[in-house]
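Asker: Please see the structure below; I have some questions.
The values are calculated or read from the model by the stated rules, or taken from the named source; none is laboratory data. The structure presented is a predicted model; accordingly, all values stated were derived computationally and were not measured. No Cβ is skipped: glycine too gets one built from the backbone with ideal geometry, and neighbour counts run over all protein chains shown.
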Amino acid sequence: MQPWAQMKYFSFHPAVYPNMIRAASPDAGAGDLVNVYDKEGQIFGSGFFNPKAHVPLRVLQHGENVLDEAALDARLDAALDLRLKTLRLDETTDAWRAVHSDGDGLSGLVVDRYADVLSIEVTTLGIWRRLPRWLPKLHAALGTTQHLIQVDPDIARIEGMRWSDVPAADDPAPRGVRVRENNVRYQVGFADGHKTGFFCDQRDNRLKFAQLARGRRVLDLCCYTGGFSLSARVLGGCEGVTGVDLDETAIAQAKKNADLNQVRIDYIHADTFTWGRQMQQNGTLWDAVVLDPPKLIFSRDTEEAQLGRNKYYDMNAVALNLLQRGGLFVTCSCSGLLDVAEFEDIVMRAAHRNKRRLQIIDRSGPGADHPVMSNCPDGRYLKVLWCIAW
């Protein structure tokens with residue numbers, strides 16, 4: 001009989017915390033796949049168990065058809081089939097998300113494919129233990145030959161992950177790789193890059209921005225390595241494109257990306273607030289502004305979360321004051337702890353208090369390679385609001 005865990009409370013969310021667990025079988029070990037029972041003792045699903053973790057039970061499937069190891073392998077195959085056969089991402093890019101954790105029913109596994117390299121992030125012991133079996137499957141399906149694995153040291157310690165349990169990453173690990181996205185080329189850096197190296201979740205939004213901003217003067221605030229500004233220049237034929245970011249390394253890479261595409265973009269290493277207010281005093285305005293800041297809310301703590309909300313408000317106020325009336329305004333949030341309605345309320349308050357009105361023309365999120373499960377709506381972290389600002 002497969003090891004088991006029993007829940008105290010009814011919940012379809014994949015994350016089950018310690019106070020929600022009534023009992024576990026003595027043979028339920030760290031990283032095991034267990035059957036999950038509800039408080040009445042009826043079979044409820046299957047998941048990864050780890051008594052040492054902050055989230056001891058991660059339910060991967062609900063219902064009477066419990067998972068075994070073969071079914072887990074099939075779930076990985078289904079995630080790859082979605083990208084390769086349904087979405088056919090290889091037709092437009094070689095940079096995309098192959099596995100999206102809870103969005104693919106594989107809690108704790110994120111795999112991004114960048115040309116010949118897999119950038120892998122692991123946050124659960126259940127995934128860690130199965131990675132040696134899955135790495136060859138991933139490389140065979142995606143035609144890749146190199147990989148690097150990222151694990152937060154604190155998570156590794158709490159979850160009980162040991163590096164000796166998985167195949168070593170390439171030595172030396174790849175420092176970077178060139179990728180293409182809708183005929184725009186980027187150099188992805190793994191040593192200094194954020195997340196798994198590149199923000200491929202914005203792929204569809206970059207293309208859409210280039211189409212809507214065609215021929216306009218564009219300002220890309222918090223531009224990172226130049227995703228939106230490069231798309232606007234290369235695909236949208238925009239002139240007078242400016243990108244601003246406080247990260248000096250990112251700006252240096254953005255300049256290299258512009259050279260890679262043989263275009264001129266004015267990339268500026270500066271603080272968005274200080275530089276933006278100086279431009280406002282100078283009366284400098286753009287026809288289209290995109291604001292894509294890094295994650296600003298990291299905690300549910302009321303005071304800390306409010307500081308993040310205040311930063312979103314201030315950034316959007318600065319961005320709107322650099323935009324011509326009737327111009328295109330695209331603003332983003334990647335903070336999962338900020339829901340869609342609250343984000344839009346912050347943006348609207350920033351507009352109204354600066355005597356602007358927003359004509360909302362669309363709302364979007366990440367590409368289809370970042371799916372969200374209905375029982376885990378907090379997986380929808382990226383929010384993008386498309387407006388004409390009057």
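Asker: Among the residues of segment 144-169, which ones are surrounded by fewer than 13 Cβ atoms within 10 Å (Cβ to Cβ) and in contact (Cβ under 8 Å) with a residue 24 or more places away in the chain?
Answerer: If the condition is that a residue be surrounded by fewer than 13 Cβ atoms within 10 Å (Cβ to Cβ) and in contact (Cβ under 8 Å) with a residue 24 or more places away in the chain, then T145, P167 are the ones that fit.
Asker: Just to be sure before I move on: is L138 crowded, with 20+ Cβ neighbours inside 10 Å, modelled with pLDDT of 95 or more, in the same structural domain as A74 (by TED's automatic domain parsing) and within 30 Å of L385 (Cα to Cα) in the structure I sent?
Answerer: no
Asker: Could you check, for segment 326-337, whether at least one of its residues is small (G, A, S), out of contact with any Leu (no Cβ under 6 Å at 6 or more places or on another chain) and over 17 Å from G365 (Cβ atoms)?
Answerer: Our first condition is that a residue be small (G, A, S); within segment 326-337, this holds for 326-327, 333, 335-336.
Keeping just the survivors that are out of contact with any Leu (no Cβ under 6 Å at 6 or more places or on another chain) gives 326-327, 333, 336.
So of that shortlist, the ones also over 17 Å from G365 (Cβ atoms) come out as 326-327.
Yes - at least one qualifying residue is present in segment 326-337.
Asker: Determine which member of the set L260, L296, L230, L221 is surrounded by fewer than 20 Cβ atoms within 10 Å (Cβ to Cβ), under 21 Å from the mean Cα position of the chain (by Cα) and not hydroxyl-bearing (S, T, Y).
Answerer: Step by step, each of L260, L296, L230, L221 is checked, and only L296 is surrounded by fewer than 20 Cβ atoms within 10 Å (Cβ to Cβ), under 21 Å from the mean Cα position of the chain (by Cα) and not hydroxyl-bearing (S, T, Y).
Asker: If I go through segment 57-67 residue by residue, how many of them are surrounded by 12 or more Cβ atoms within 10 Å (Cβ to Cβ) and over 17 Å from D102 (Cβ atoms)?
Answerer: Pass one, segment 57-67, residues surrounded by 12 or more Cβ atoms within 10 Å (Cβ to Cβ): 57-62, 66-67.
Remaining after also requiring over 17 Å from D102 (Cβ atoms): 66.
Result for segment 57-67: 1.
Asker: Something else about it: Is segment 313-327 home to any residue that is of a type in the set (A, V, I, L, M), buried (at least 20 other Cβ atoms within 10 Å of the Cβ) and at pLDDT below 95?
Answerer: no
Asker: Just the residues that are closer than 20 Å to I251 by Cα and free of Cβ contacts under 8 Å to residues at least 60 places away in the same chain, please, taken from segment 278-294.
Answerer: Q278, M279
Asker: Moving on to the next point. With a cut-off of at least 3 residues that are over 30 Å from A28 (Cα atoms) and touching a helix residue (DSSP H, G or I) at 6+ places or on another chain (Cβ under 6 Å), name the strands (runs of 3 or more DSSP E) lying wholly within segment 104-205.
Answerer: 184-189
Asker: Continuing with the same structure: Which residues, taken from segment 207-218, are buried (at least 23 other Cβ atoms within 10 Å of the Cβ) and assigned to a helix (DSSP H, G or I)?
Answerer: F209, A210
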